[in-house]
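Read through the structure below, which is laid out as structure tokens, and then see the notes.
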Amino acid sequence: MFRSLKVQIATALGIQFIVLAVIVSSTLYLLNLRKHDYLILNLSGQLRVISQLIINHSAGYADNAPRDYKSYYRDVALYHNQLQMLISRYDKIIDSFKARKLAPELFQNEFLSLRQTKKSVAKISDEYDPIYCTWNKTARNELVKASQSWDNFKAGLNKELGVNLNEPRLEAAAQYVLYNEDNLILAATSLTAAFRNMMELKLQQITLLNRTSIVLSLLIALTIFFVVYKKVFKPMSMTVDAFNRVALGELSHQVDVSDSKELGQLTSSFNRLTAKINSLFGLTNRIYQATNLDEIIKFIYQEFNTLLPIEWVAMLRMDVEQEKMVIGHIYSKKEQILHEGDAVLNSHPIIERVFNEDHVISYDDLEEDLKDIKGEDGVFSRLLQMKLHSMIVIPLRISGKERALLVCATSKKKAYYSSHKELLNNITVQVSSAFDRTIGMESLVVSAVEGLAKLAESRDPETGDHLVRMSLYSYILAQQLYDEGIYQGEFKSSYPRHVYHFAPMHDIGKVGIEDSILLKPGKLTEEEWAEMKQHPVIGADVLRRCEQQVNQAGYSMFKIGIEIAEGHHEKYDGSGYPYQRKGQEIPLSARIVALADVFDALTSRRPYKQAWPVEKALKLIDEESGKHFDPEVVKAFKTALPQIMEVYEKHKHV
């Protein structure tokens, strides 16, 4: 909670307010005490005045002491009465000081008003509250001394006056006062000085408090300014600078996330925004730089992961003849149980919905979503077997009759939000454009491959469907090796498809062999056979020129075709041609096609021979395992033999 900028600023302002309130209240309190101090000094000054009045009245009486009874009784009414009134006033003041409670009636404008009535005193007491005082140690000590001195003075004075109050000994009392006048004045003066020193100390405290208050207020203000600068102004300035940098094209720029809640949310949102923008531009650039659909799928997996969760992505393309969507390309780091070539019918509710609505659709819980779908053919249910529970489907807008879908999935349920769908809907055009361009190029290449293969076949018309059969055999072998995890480092999920497409080009080099040699019915001479063995080199050179041409357009299409054309006559033991490569020096694609080509040649009829029985052909393949053929490819061939025989029965030429 304290990370909130509002809380931090409110706390700082609250602390400053509390400090200022304490300072103001303390100052007002001390100022009020100062006002009381003046009253206290006034009262202590009254003690000096009272002392001096007692002395003056006594001196006057002593100088003019009466010598008859009439004058004596007159002075009893005057001097003695005044003396008692002054002593009473002194007592009240000194008692108030000792009690640290100053009665309100002590503070009258005419503090020596001797005609004050009880009624007026009561009225003053009702209207004003008493003042409570505190003394420092010095003042307390002087107060004790003054009180003791006064008590001693008063006891001696009463002794001199005598016990008969109606006939006091006034002259003796006057002489006593004059004799003790120095002590009387000194006690009042010392007490006043102690009080004055105490007041000066309080004044110094007020001054120190005010100075401290000013310094503390400045420190708090500077702290608030520093906090606001660090937490608000500086991050805001950095954010503005970041927006300017992004506006200038620095799309990958990120701002350090503030530790305050509000600005932290702002900078985090900005960073997410720039990350998304950068990912979108990066995705667009990468998919336009891709040389084939496999690279595009890989780029989408990598770049989309910054925008939404993805653990599996695949492209489905429509097979118009069979009315189904076929998985053409897959990319995932999870172990696969779905493969290229797996298909889902166009009538599947998910497929129909996507094409009918023509926008991005997500499924939050595949297990629940598939329960109500009758006839689920296993493609989407196998995503569940891979523990993928959320799926999002993107229709791609491809030109012509081509229709395609991009399917992304992740293991988390309810992983895709409306913001994800909106984002994907917005970039579908760019993604579709890249797919459309690459699909067009790949279709063109496939057509060219088929044309070149037909050209080679037309020059060596040995069998009718040789290219169809050996291509399917090669595809089955490659897929079997992929499923078994053999030669895993050389495989991608698209590898069997590439082998299938380029297997027909294995003998493309025969277009460079003279008809007299290629079509010679009898046995070739050594020179002719040497010429014939150059057709792998010729074929590889032709395809390398094709690769150079497509490389200039930013594509790479013929790599596997070059491997197959150049290496399909090499033998595992190194006795083949044209370069006598052996073992894994021979590309895997060439080792696969070599077996598929030989099996089809053995089991097909030629002008110069009859088709071998399959059992005889299999026996020869066993014998040549480790010699002509890769033993692992032979094992895969035997495992996949039921599928191979299906192709053989459908397209056999015997």
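Just so it is clear, none of the values below were taken in a lab; they were calculated from the coordinates. Everything numeric here is computed off the predicted structure, so don't read it as measured data. With ideal geometry, Cβ positions are generated from the backbone for all residues, glycine too; neighbour counts draw on all protein chains shown.
So here's what we get for this one:
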item: Estimated dipole of segment 290-427 in Debye, rounded to 20 [Cβ of Lys and Arg +1, of Asp and Glu -1, Cα centre]; result: 280
item: Difference of contour (0.36 nm per residue) and Cα-Cα distance, Lys230 to Asn64; result: 51.0 nm
item: Two-site label geometry, Ser147 and Asp541: point separation in nm, points 7 Å out along Cα→Cβ; result: 13.0
item: Likely footprinting exposure, Glu514, Glu649, Glu295, fewest C-beta neighbours within 10 Å first; result: Glu649, Glu514, Glu295
item: Cross-link pairs Lys298/Lys324; Lys520/Lys571; Lys627/Lys650; Lys387/Lys412 - those with Cα-Cα distance over 19 Å; result: Lys298/Lys324; Lys520/Lys571; Lys627/Lys650
item: Ranked list, fewest to most other Cβ atoms within 10 Å of each Cβ, for Tyr79, Tyr417; result: Tyr417, Tyr79
item: Per-residue ³J(HN,Hα) for segment 526-543, Karplus 6.51 cos²θ - 1.76 cosθ + 1.60, θ = phi - 60°, Hz, x for Gly and Pro; result: 4, 5, 5, 5, 4, 5, 4, 6, 8, 5, x, 5, 4, x, 5, 5, 4, 5
item: Leu396 long-range amide H proximity, modeled H, under 5 Å; result: Ala404, Leu405, Leu406
item: Note, ³J(HN,Hα) from phi for segment 630-646, Karplus 6.51, -1.76, 1.60, rounded to Hz, x at Gly and Pro; result: 5, x, 5, 5, 4, 4, 4, 4, 5, 5, 8, 4, x, 5, 5, 5, 4
item: Fewest-first sequence of His501, His651, His506, His359 by Cβ atoms within 10 Å of each Cβ; result: His359, His651, His501, His506
item: Label-point gap, in nm, between Asn56 and Ser71 - each point 7 angstrom along Cα→Cβ; result: 2.2
item: Cα centre as origin, Lys/Arg/Asp/Glu Cβ charges: segment 460-651 dipole, Debye; result: 220
item: Cα gyration tensor category, rounded, prolate or oblate, for segment 525-599 with a/c compared to 1.5; result: oblate
item: Mean projected area in nm² (Cα convex hull; one quarter of hull surface) for segment 503-654; result: 10.1
item: Fraction of the pair-distance distribution of segment 290-427 above 24 Å, Cα-Cα pairs, percent; result: 22
item: Exceeding the 31 Å Cα-Cα cut-off - candidates Lys70/Lys92; Lys334/Lys421; Lys333/Lys510; Lys154/Lys202; result: Lys70/Lys92; Lys333/Lys510; Lys154/Lys202
item: 3J(HN,Hα) from dihedral phi, segment 199-215, Karplus parametrisation 6.51/-1.76/1.60, rounded to Hz, x for glycine, proline; result: 5, 5, 4, 5, 4, 5, 5, 4, 4, 4, 4, 5, 5, 4, 4, 5, 4
